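Below you'll find the structure, written out as structure tokens, and then a few comments.
The values are calculated or read from the model by the stated rules, or taken from the named source; none is laboratory data. Just so it is clear, the model here is predicted, and its values are computed rather than measured. Here the Cβ is made from the backbone with ideal geometry for all residues, glycine too, and neighbour counts use every protein chain on show. Only protein heavy atoms, including side chains, enter the accessible area calculation; ligands, DNA and RNA are left aside. Shrake-Rupley method; radii C 1.70, N 1.55, O 1.52, S 1.80 Å.
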Amino acid sequence: MPTPDFVLALRERIGHELLWLSGVTAVVLRETADAREVLLVRRADNGAWTPVTGIIDPGEEPGAAGARECLEEADIVAVPEAVVRVKTLPPMTYGNGDRSQYLDLTYRFRYVSGEPYPADGENTEARWFALDAMPTMSEEMLARVAAATSGSDVAAFEA
């Protein structure tokens, strides 16, 4: 996965120390004649299916970051409708020893246009799935999709 330039600059100063970052998850939904569908991507680094995710750049609005990530990762134009979940994720250590912890802001996005494909090399696949026919995903990613499809526009704040 490409690391944003601002993170690389910080890493030059702090090495592998724990870095607090804000992330966004864009759960993009569309209605078809047959089903309600969700956009998922298959990550190139570990093969996992997930909604579109990414790091928010300094000064960037989270909803705009999610829309940017959708376009960059899957060539999909989508607009944010609601923040549906806010959660601090546990600290993680990457293979190179870098440590990070993320505040994830999950948004429900409405599909506007585009045909999904793995546009930037971060993913090997990008496609629509009916909500009742999604591939196997981690509990964390399922919780993000569930928050976006719950029918509520009130964000869940998770402990």
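For the stretch 129-155, how many residues meet the condition of being over 26 Å from Val86 (Cβ atoms) and open to solvent by less than 70 Å² (accessible area, probe 1.4 Å)? So that I can check it myself, show each step before the final result.
Taking the stretch 129-155 as the starting set, the residues that turn out to be over 26 Å from Val86 (Cβ atoms) are 130, 132-133.
Going one step further and asking which of them are open to solvent by less than 70 Å² (accessible area, probe 1.4 Å), we end up with 130, 133.
Result for the stretch 129-155: 2.
Condition check ((1) farther than 15 Å from Ala65 by Cα; (2) touching a residue at least 12 places away in the same chain (Cβ under 8 Å); (3) open to solvent by less than 50 Å² (accessible area, probe 1.4 Å); (4) not acidic (Asp, Glu)) across all residues:
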residue	(1), (2), (3), (4)
Ala82	no, yes, yes, yes
Pro90	yes, no, no, yes
Tyr94	yes, no, no, yes
Asp98	yes, yes, yes, no
Leu105	no, yes, yes, yes
Arg110	no, yes, no, yes
Glu115	yes, yes, no, no
Ala126	yes, yes, yes, yes
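Would you check if there is a residue in the stretch 22-44 being at positive phi and more than 14 Å from the chain's Cα centre (by Cα)? Even if it seems obvious, please write down each step before you answer.
Restricting attention to the stretch 22-44, the residues satisfying the condition of being at positive phi are none.
Within the stretch 22-44, none of the residues are at positive phi and more than 14 Å from the chain's Cα centre (by Cα).
Ala119 passes all but one of (1) hydrophobic (A, V, I, L, M, F, W, C); (2) in a helix (DSSP H, G or I); (3) modelled with pLDDT under 95; which number fails?
Only one criterion in (1) hydrophobic (A, V, I, L, M, F, W, C); (2) in a helix (DSSP H, G or I); (3) modelled with pLDDT under 95 is unmet by Ala119, namely (2).
Six or more apart or on different chains, Cβ atoms under 9 Å: show the pairs whose first residue is in the stretch 135-159 and of a type in the set (A, V, I, L, M, F, W, C) and whose second is part of a loop (DSSP other than H, G, I, E, B) and open to solvent by 30 Å² or more (accessible area, probe 1.4 Å).
Every condition considered, the pairs that remain are Met137/Ala48; Met141/Ala48; Leu142/Met134; Val145/Met134; Ala156/Ser150.
Which is farther than 22 Å from Glu139 by Cβ and in contact with a Phe, Trp or Tyr (Cβ under 9 Å, 6 or more places away or on another chain), of Ala64, Ala78? Step through it out loud before you land on a result.
On the way: Ala64 fails: in contact with a Phe, Trp or Tyr (Cβ under 9 Å, 6 or more places away or on another chain).
So the residue among Ala64, Ala78 that is farther than 22 Å from Glu139 by Cβ and in contact with a Phe, Trp or Tyr (Cβ under 9 Å, 6 or more places away or on another chain) is Ala78.
For the stretch 1-79, give me every one of the strands (runs of 3 or more DSSP E) that falls completely inside it and has 1 or more residues that are open to solvent by 10 Å² or more (accessible area, probe 1.4 Å), out of contact with any Ser or Thr (no Cβ under 8 Å at 6 or more places or on another chain) and farther than 30 Å from Ala133 by Cβ. Walk me through how you get there before you give the answer.
Details: elements: 19-31, 36-43, 52-55.
In the stretch 1-79, the matching strands (runs of 3 or more DSSP E) lie at 19-31.
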